[in-house]
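The values are calculated or read from the model by the stated rules, or taken from the named source; none is laboratory data. This is a predicted model, so every value here is computed, not measured. So basically every Cβ, Gly included, is an ideal-geometry build from the backbone, and we count neighbours across all protein chains shown. Quick note on the areas: whole protein, heavy atoms, side chains included, nothing else; ligands and nucleic acids left out. Shrake-Rupley method; radii C 1.70, N 1.55, O 1.52, S 1.80 Å.
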Amino acid sequence: KNKISLAQWSMNKSFFSGKKNALKFPEIAAELGFEGVEYVNQFYFDYLKSGSTSSKNVKVLGKKLNKNAIENNIANALIMVDHEGELASNESNKISISIDQHKKWVELAAELGCESVRVNLSGSEDPKEWVERSVEGLTGLSEFAKQHNLNIIVENHGGLSSNAMLLAKVMRKTNLENCGTLPDFGNFCIEGGYGTCTKEYDMYKGVAELMPFAKSVSAKTYNFDSDGFETKIDFKKMMKIVRDSGYKGFIGVEYEGYGLSEKEGILA
């Protein structure tokens, strides 16, 4: 049986507005019945500034989050990192800057005893070059993460990364034990933006292609029908793909809908 974790993004409105305290996230997750948490770096920029390479406050923040997690018997599963440069840029110097900017979050993940750090592969728009540059960025960051016994994992998260066949190719070429994927049940838009998607990759095919490399799984939800089933994603079909792959890790609940309150959406 897989353990269930809560993705902090499910409550992004509450954390961005300051209505909820991001330092108390483990406690909030425990109250809702979760066993683990998936942090989002954006809610901790007060401590570790976006774009900086300074990691002097890692221990301070780590101590606060650890205290809350231990008191609430919550496992720190991973940190999701956004807004820290282009790991797949077509310029090598930009890739190395991005690697440096990610290091503080890797150090924080180590302090928290996380399994993984989730990164994005933005950068080059040319598929062939994107694959090569992604390998370059992931190799550099994974080598740093290895010293801290951490995995670097990539989510299908828009752009070329939502083309699962390409992302699987990146994984095969990177070929490192501590580098893998975080298949997200949604997030398969390959053309157009959020809410205005013009072309989608087949989500079931996509998750199946990413599961062999999975070190975490994001059970994305948007809306539910009166029987409690997701309206856009066939969860039975999706979970069968996850189970058939032999995956044993955490499954993260990520509610991204509008019909329900954050709490109701998470529980649904």
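Here are a few things to note about the model shown:
- Residues in region 145-156 carry Karplus couplings, in order, of 5, 4, 4, 9, 6, 10, 8, 9, 10, 10, 9, 5 Hz; the curve used is 6.51 cos²θ - 1.76 cosθ + 1.60 with θ = phi - 60°, and Gly or Pro positions show x.
- Per DSSP, loop trypsin sites (Lys or Arg not before Pro) in region 162-268 with at most 14 further Cβ within 10 Å: LYS232, LYS248
- Rounded to the nearest 5, the antiparallel percentage of DSSP beta bridges internal to region 83-182 is 0%.
- When the solvent-accessible area of the chain is split by element, carbon and sulfur atoms take up 50 percent of it, the probe being 1.4 Å.
- Pairs beyond 25 Å (Cα-Cα), from LYS128/LYS248; LYS49/LYS199; LYS63/LYS146: LYS128/LYS248; LYS49/LYS199
- On a per residue basis, the chain carries 47 Å² of accessible surface, using protein heavy atoms and a 1.4 Å probe.
- Among VAL58, SER218, LEU87 the positive-end extreme of the charge dipole of the chain (Cβ point charges): VAL58
- q = 0.13, 0.15, 0.16 Å⁻¹, region 100-241: log10 I(q)/I(0) [Debye, one scatterer per Cα]: -0.58, -0.76, -0.85
- Rounded D (µm²/s) - region 167-218, Kirkwood Rh over Cα pairs, Stokes-Einstein at 20 °C, 1.002 mPa s: 182 µm²/s
- Using only side-chain charges placed at the Cβ, +1 for Lys and Arg and -1 for Asp and Glu, the dipole size of the chain relative to its Cα centre rounds to 640 debye.
- Using a 4.7 Å Cβ-Cβ cutoff, the cysteines of the chain lacking any partner cysteine are CYS114, CYS179.
- Using only side-chain charges placed at the Cβ, +1 for Lys and Arg and -1 for Asp and Glu, the dipole size of region 1-154 relative to its Cα centre rounds to 680 debye.
- Per residue Cα convex hull volume in Å³ - calculated over region 14-77: 81 Å³
- Each residue of region 103-108 was assigned a 3J(HN,Hα) from its phi angle through the Karplus expression (A = 6.51, B = -1.76, C = 1.60, θ = phi - 60°), giving 4, 4, 6, 5, 5, 5 Hz with x at Gly and Pro.
- Shape category assigned to region 15-159 from the gyration tensor of Cα positions, a/c cut at 1.5: prolate
- For region 163-233 versus region 31-58, the inter-centroid distance based on Cα atoms is 23 Å.
- Take each peptide in 58-67, 35-44, 135-144, count the other Cβ atoms within 10 Å of every residue, and average; sorted highest first, the result is 35-44, 135-144, 58-67.
- Region 1-40: trypsin sites (Lys or Arg not before Pro) falling in loop per DSSP and having at most 10 other Cβ within 10 Å: LYS1, LYS19
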